[in-house]
Each structure stands twice: as structure tokens, then as C-alpha cells.
Amino acid sequence: MARLAALSLVVLALMSIAACSPSVRVQHDWDEAFIFDEFKTFQMLDITSISDPLIARRIADAIRVHLVERGFEEVDANPDFVVALYTNVVERLDVNSWGYTASSRHWHSGHNVSVTQYQEGTLFIDFVEASKMELFWRGWGTGTLGSSTREAHVLQDIVDRILRQYPPK
């Protein structure tokens, strides 16, 4: 019974973490002629394109964790590939019109309007062949920004989703 209760708590904790993670649309593109198996070492490029250094560090750390867990090694010199990242934030408006009213002979629509302003962010992760400085793989994720997207575990989840399909098969 105690094991069942402990397991239930773990499941609830995982569900609450997943619920806090934002919805992210992930895409990838790569050079189809590239031989991915030959690359085992990487180096992070300096992250100056992201204005918030705390966010930049959390994202870079999440990339490191993911790559090392997949068997890649971070090196200080002569890497097989370098990792670059940058972000883009766009202001968005969501406009909805709804509602119906009736007069003596006609139905009228669109009397209620709501406007929601939000920020949509995209995280780009580029893998660049170090010897030629040529891009060979790009992954990116786009989603609505909120206060939870600053948290390390949420950023790790986003990075994991983007890098899940690397190397492509």
C-alpha cells in the first residue's frame, strides 16, 4: 500500500511538471548529405544574442545536459561541431468575436469582442561544422512565453523536445 501511495505521488508530480511546460511546436532542418556519425565532440559558442544572461545560461546548460546524456563530449578546443543558439520574440494579438442577439426579425452576431496580447518566442539551436563553419543541423521550437518559461526544468524540457530528433535517422 505504501508503494502504491509513493508511486501515485511520483505520477502526480510528473503530471504537474508536464502541465506547467508550455506547448511548443518543434521543427528541424538539416543537410541530408551530412554524415552525422562522425561528430562526437562539441563546443558552445558565446551566447551574446540573448539579452537575459540567466536565461541564456539555463538554455546552454540544458543543451549541454542533453548532448552529454546522448554520448557527446564538450571540449575546450578543436570540437567536431559548435552549438549556437538564439531567440526571437514577437508580440501577438488574439482577437475573438462572439455572441448573438435577436431583434424582432433578425439575428445579430459579433457583439462581444475580446483581445488578448501575448508574446510568442522561438528558440533556435544550430549545429555548425567547426572546421568549415557551415550549418549542418537546425532545430527550433516556438511557443507562448509565460513566467514558467524562465524555469530551468521547463527550459530543459523545451531543449529536449528540440534535440529529441538529433541526429536525424
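The values are calculated or read from the model by the stated rules, or taken from the named source; none is laboratory data. Keep in mind that this is a model prediction, so the values were computed, not measured. Note that we place each Cβ from the backbone using ideal geometry, even for glycine, and neighbour counts take in every protein chain shown.
Among the residues of this structure, Ala13 counts as one that is of a type in the set (Gly, Ala, Ser) and modelled with pLDDT under 80.
A quick yes/no check of all residues on (1) in contact with a helix residue (DSSP H, G or I) (Cβ under 9 Å, 6 or more places away or on another chain); (2) within 15 Å of Met44 (Cβ to Cβ); (3) modelled with pLDDT under 95:
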| residue | (1), (2), (3) |
| --- | --- |
| Asn78 | no, yes, no |
| Val83 | yes, yes, no |
| Tyr86 | no, yes, yes |
| Leu93 | no, no, yes |
| Ser97 | no, no, yes |
| Ser103 | no, no, yes |
| Glu120 | no, no, yes |
| Ile125 | yes, yes, no |
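Cβ separations smaller than 8 Å between residues 6+ apart or across chains give the following pairs from the stretch 81-107 residues that are surrounded by fewer than 10 Cβ atoms within 10 Å (Cβ to Cβ) to residues that are of a type outside the set (Phe, Trp, Tyr) and at pLDDT below 65: Ala102/His108; Trp107/Thr101.
When only residues in the stretch 123-169 that are small (Gly, Ala, Ser) and over 15 Å from Ile63 (Cβ atoms) count, which is farthest from the chain's Cα centre (by Cα)?
Of everything passing the filter in the stretch 123-169, Ser131 is farthest from the chain's Cα centre (by Cα).
Kindly indicate whether Asp52 is charged (D, E, K, R), modelled with pLDDT of 95 or more and over 21 Å from Phe136 (Cα atoms). No; evaluated as a whole, the condition is false for this residue.
State yes or no: is Ser131 outside any helix (DSSP H, G or I), modelled with pLDDT under 90 and farther than 26 Å from Leu54 by Cα? Quick ask: steps written out before the conclusion?
Working: outside any helix (DSSP H, G or I): yes; modelled with pLDDT under 90: no; farther than 26 Å from Leu54 by Cα: yes.
Criteria not met by Ser131.
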